[in-house]
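What follows draws every value from the coordinates through simple rules; no lab data is involved. Computed from a predicted structure; not experimentally measured. Every residue, glycine among them, receives a Cβ derived from its backbone with ideal geometry; neighbour counts consider all protein chains shown.
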Amino acid sequence: MPAVFEAKKEIALQGETHMSRLLRTLSIFVLVLAVTGLASGQSDLRIGTWKLNVAKSKFDPAAVRKDETRTYQMSNGAVMVHVQLTLGDGSKQEVSFEATPDGKDHPYNGRPAFYADTISVKREGNGFVAESKKDGKLLFTTTDSFSSDGKVLTLTTKGVNLKGQSVNSVRVYEKQ
């Protein structure tokens, strides 16, 4: 009988070892998935703070800026954007919006109120295309592109503002 007892004990230990290996393998798999998920969120080149280089930028009179800082942050899987700018006439604006590339309209939040009330963003290549709308009507489209080293962001905007003035600008930002 002791030999049978020893055999059962050996089988139980092997089962425990097998279970331990299985749990360890599953834990490593989950860890790899989590790290990969975090890495993919960080592969969004927009994340960080960007400062407008006015000298390298081109504006129509209606879109001139003296200064602008854009901050992109990940928040619960969405990209939150906060923009502080000084326009050509010296007035200041702050605009915030969700820039999730899902193609759906998301509200602009601004002080003073921004002339577009929604923005939709979709990914194209390694950049993004955003459509700004007022009451569902397209005002302007902005295309993002990045330098090969990811340190320069160029926003090209084409369309009109609420006054019907042309908005045709190329804004160049440097990562801070």
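May I ask for the net charge around THR157, where only other residues with Cβ less than 12 Å from the Cβ of THR157 are counted and Lys, Arg are +1 while Asp, Glu are -1? Spell out each step's value before the answer.
Working: positive: LYS58, ARG65, LYS158, ARG171; negative: ASP60, GLU131, ASP144.
Cβ neighbours under 12 Å give a net charge of +1.
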Order of SER132, SER169, SER148 from fewest to most other C-beta atoms within 10 Å?
-> SER148, SER169, SER132
Show the residues, 5+ positions off or on another chain, whose built amide H is closer than 5 Å to the amide H of HIS106.
-> ILE119, SER120
PHE146, PHE97 arranged by Cβ crowding within 10 Å, fewest neighbours leading = PHE146, PHE97
Karplus ³J(HN,Hα) for segment 162-176 (6.51 cos²θ - 1.76 cosθ + 1.60, θ = phi - 60°; Hz, whole; x = Gly/Pro) runs 5, 7, x, 6, 5, 10, 9, 9, 10, 10, 10, 10, 10, 5, 8
Length gain on complete extension for the stretch LYS151 to ARG123, per 0.36 nm per residue less the alpha carbon to alpha carbon distance?
-> 8.2 nm
Could you tell me which of the pairs LYS66/LYS137; LYS51/LYS137; LYS58/LYS175; LYS56/LYS133 are separated by over 23 angstrom between their Cα atoms in the structure shown?
-> LYS66/LYS137; LYS51/LYS137; LYS56/LYS133
Work out how much length LEU87 to THR71 would gain on full extension: take 0.36 nm times their residue separation and subtract the Cα-Cα distance, in nm to one decimal.
-> 4.0 nm
